[in-house]
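Read through the structure below, which is laid out as structure tokens, and then see the notes.
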Amino acid sequence: MPLLKVENISAGYDGEPVIDALTFHVNRGEIVSLLGPSGCGKTTALRAVAGFEPVLTGQILLRDRPVSTPALTLPPEQRSIGMVFQDYALFPHLTVADNIAFGLHGKTIVDRRVQVEHLLDATGLANMGSRYPHELSGGQQQRVALARALAPRPALLLMDEPFSNLDIDLRERLSVEVRDLLKSEGISAILVTHDQHEAFAVSDKVGVMHHGTILQWDTPYSLYHEPNHRFVADFIGQGRFIDGVVRTPQTFDTELGLLSGNRPCSETIGSEVEILVRPDDIVPDHDGDIVATVRDKAFKGAEILYTLELPTGTRLLSLFPSHHDHHLGDTVRVRMAAEHLICFARGAHNRSTEPIL
Ligand code: ADP
Ligand code: MG
């Protein structure tokens, strides 16, 4: 039995839906993300799960019990849900320990102290219990906010862009720490973010949202390698599209010659498609049959991301090990190293950017 079921909900403001037909579930101990660009409805979806926004249609069930239907919105405090927001929202006049203890009503002083000490330890804040929020860095304040949300041991933790005020190094480190902490405490969570690295670092499953709806609900691996929608292919990871014509269900005629993948494409034979080419699909090879000109390069440490131009003018991205140090204008030889090819009907891009609502 999933812990949380969100079934076909719509929600919005002034009777106008901004999320529609949203369906997903969260199993016990699972961490999921809603990932999408700003304005796509992530916060509205999270607020509906929390009980701050009513649903216009559909229902939300916690442990199979309806908590939101068009006729009922169980208040947030009765849902056993914890929340962490982007702006830490700590009480400035309370110490770190008192902030964390804030939600622990009805417990003995000893129980509260034990739980607070445990959370200070678990969030890397040992010995900081007597400090005040203004004496902490942004990362430490967000750890306090997390500890405070976890203190009442919620069944489900909701996090809305919790790391976006932090610098990128800290963001990545803290997201991995939060994942480890939630997994070790056995707490299920929904993370809302526009940052795919954050979503991928933390989540078992990710829903990519666009214009108020989830286009694909999948593992990070499948979202990257098997996007089911042109928007998802564009939004996740890097890559370019090359034009092709379907020759057999697994073969495409392109300017790179006949390309074959190991799984069938759903478009009909003879139709015009765009084929997704990721930077890791194009590899350097002295004997490679693709000749291209280096037009741009971005040093990434272990790798260099090259923008390569084909004789036709089409540009592709390619990751080379960083000791392959070419100059702009150099000619390089590469080959396709993709095992499976993902194609979309040509023009699908335009359709996908239209509002769905
Ligand atoms: P996200 O969190 O993905 O950025 P939101 O859920 O905040 O998206 O917003 C989705 C849409 O709903 C946006 O078009 C936004 O302008 C609108 N919206 C958000 N909050 C309100 C509100 N309180 N009143 C009216 N419209 C809102
Ligand atoms: Mg938001």
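Listed values, structure above:
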{"quantity": "Every pair of residues 6+ apart whose Cβ atoms lie under 7 Å, when the first sits in the range 153-166 and is part of a strand (DSSP E or B) while the second is of a type outside the set (A, V, I, L, M) and within 13 Å of ligand 2 (Cβ to nearest atom)", "calculated": "Asp160/Thr43; Asp160/Phe85; Asp160/Gln86"}
{"quantity": "Residue in the range 276-293 that is open to solvent by less than 30 Å² (accessible area, probe 1.4 Å), touching a residue at least 60 places away in the same chain (Cβ under 8 Å) and over 21 Å from Tyr224 (Cβ atoms) present", "calculated": "no"}
{"quantity": "Selected residue (criterion: nearest to ligand 1 (Cβ to nearest atom)) from residues of the range 125-152 that are surrounded by fewer than 15 Cβ atoms within 10 Å (Cβ to Cβ) and in a loop (DSSP other than H, G, I, E, B)", "calculated": "Ser137"}
{"quantity": "Failed criterion for Arg113 (all others in (1) over 30 Å from Ile19 (Cα atoms); (2) open to solvent by less than 30 Å² (accessible area, probe 1.4 Å); (3) among the basic types (Lys, Arg) hold)", "calculated": "(2)"}
{"quantity": "Residue satisfying condition, being assigned by TED's automatic domain parsing to the domain that holds Ser130, open to solvent by 30 Å² or more (accessible area, probe 1.4 Å), under 13 Å from the mean Cα position of the chain (by Cα) and within 16 Å of ligand 1 (Cβ to nearest atom), within set Ile214, Ile190", "calculated": "Ile214"}
{"quantity": "Lone qualifier among Arg47, Arg65 - being out of contact with any Leu (no Cβ under 6 Å at 6 or more places or on another chain), within 16 Å of ligand 2 (Cβ to nearest atom), among the charged types (D, E, K, R) and open to solvent by 60 Å² or more (accessible area, probe 1.4 Å)", "calculated": "Arg47"}
{"quantity": "Residue among Leu4, Leu90, Leu34 that is crowded, with 20+ Cβ neighbours inside 10 Å and within 13 Å of ligand 2 (Cβ to nearest atom)", "calculated": "Leu34"}
{"quantity": "Of all residues in the range 157-173 being surrounded by 22 or more Cβ atoms within 10 Å (Cβ to Cβ) and within 14 Å of Ala189 (Cα to Cα), the one that is farthest from ligand 1 (Cβ to nearest atom)", "calculated": "Leu157"}
{"quantity": "Selection count where residues are crowded, with 19+ Cβ neighbours inside 10 Å and in a strand (DSSP E or B), scope the range 219-243", "calculated": "3"}
{"quantity": "Residues located in the range 8-31, provided they are buried (at least 18 other Cβ atoms within 10 Å of the Cβ) and away from ligand 2 (no atom under 16 Å from the Cβ)", "calculated": "Ile9, Ser10, Pro17, Asp20, Phe24, Val26, Glu30, Ile31"}
{"quantity": "Flag if Val202 is under 10 Å from the mean Cα position of the chain (by Cα) and over 21 Å from Arg278 (Cα atoms)", "calculated": "yes"}
{"quantity": "Flag for Leu305 being in contact with a strand residue (DSSP E or B) (Cβ under 7 Å, 6 or more places away or on another chain), at pLDDT 95 or above and more than 27 Å from Arg247 (Cα to Cα)", "calculated": "yes"}
{"quantity": "Of the criteria (1) over 24 Å from the mean Cα position of the chain (by Cα); (2) within 25 Å of Pro249 (Cα to Cα), which one Asp280 fails", "calculated": "(1)"}
{"quantity": "Where Thr43 falls short, out of the listed (1) closer than 30 Å to Ser184 by Cβ; (2) within 7 Å of ligand 1 (Cβ to nearest atom); (3) assigned to a strand (DSSP E or B)", "calculated": "(3)"}
{"quantity": "Answer from Asp218, Asp234, Asp296 - the residue that is under 30 Å from Ala21 (Cα atoms), modelled with pLDDT of 95 or more and of a type in the set (Asp, Glu)", "calculated": "Asp218"}
{"quantity": "Among residues of the range 193-211, those that are open to solvent by 10 Å² or more (accessible area, probe 1.4 Å) and within 13 Å of ligand 2 (Cβ to nearest atom), counted", "calculated": "2"}
{"quantity": "Total residues in the range 95-105, condition within 15 Å of Leu136 (Cα to Cα) and in contact with a helix residue (DSSP H, G or I) (Cβ under 8 Å, 6 or more places away or on another chain)", "calculated": "4"}
{"quantity": "Number of positions in the range 98-114 that are farther than 22 Å from Ser175 by Cα and in a helix (DSSP H, G or I)", "calculated": "8"}
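Condition check ((1) at pLDDT 95 or above; (2) of a type in the set (Val, Ile, Thr)) across all residues:
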residue	(1), (2)
Leu182	no, no
Ser188	yes, no
Glu198	no, no
Val208	yes, yes
Glu255	no, no
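The values are calculated or read from the model by the stated rules, or taken from the named source; none is laboratory data. Not measured: the values here are computed from a predicted model. Cβ atoms come from the backbone with ideal geometry, glycine included; neighbour counts cover every protein chain shown. Side chains are part of the model used for accessible areas, which takes the heavy atoms of the whole protein and leaves out ligands, DNA and RNA. Shrake-Rupley method; radii C 1.70, N 1.55, O 1.52, S 1.80 Å.
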